Amino acid sequence: MKKLTRSRIGPQRQQGAALVVGLILLLILTVFAVSGMSTATLELVLAGNTQFTENAFQASESAIEAEFVLGQATPVLPRLNNYAFDNGIVATTDVTYRANTFAEGYSFSEYSADHYVITARGQSGKNATNVNQQGFFIVVPGVGTN
């Protein structure tokens, strides 16, 4: 009688190669995931810093607008003001008299212009600061040069 032997059809024994390949793929996916998370975290920090800088800019612009409402300062002594906004955002202003000159564009020589400069410093979280300057003049009666 003939003895039946089993013959194997299909792949030979792989000796654990699938396990090694699977672990390498998992390692690569883990590196990509960690890299993606650190990139996302960095982008959140950058977006936060941009927002703090924008808040400081808006604070200095708002302080300049408030100074326009107050108008002129004295020519001898500059005007200093502090402004506080929500969330710890602050601004300081310094309105300084610069000069008195003939008011250009006016036909009457008895008017002159007092020139002022507003320097506003806005500050928000994470020490984000912004400095803006705005000049303006006020037409006043006086003797200007023609």
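Read-outs throughout are calculated quantities, based only on the coordinates presented, and are distinct from any laboratory measurement. Here the structure is a predicted model, which means the values were calculated and not measured. As a convention, Cβ positions derive from the backbone with ideal geometry for all residues, glycine included, and neighbour counts pool all protein chains shown.
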Report the convex hull volume per residue for region 18-141, counting only C-alpha atoms, in Å³.
132 Å³
Report, in debye and to the nearest 20, how large the dipole of region 18-141 comes out about its Cα centre when Lys and Arg carry +1 and Asp and Glu carry -1 on their Cβ.
400 debye
Long-range amide H partners of SER112, meaning residues 5 or more apart or on another chain whose placed amide H is closer than 5 Å, are ALA103, VAL140, GLY142
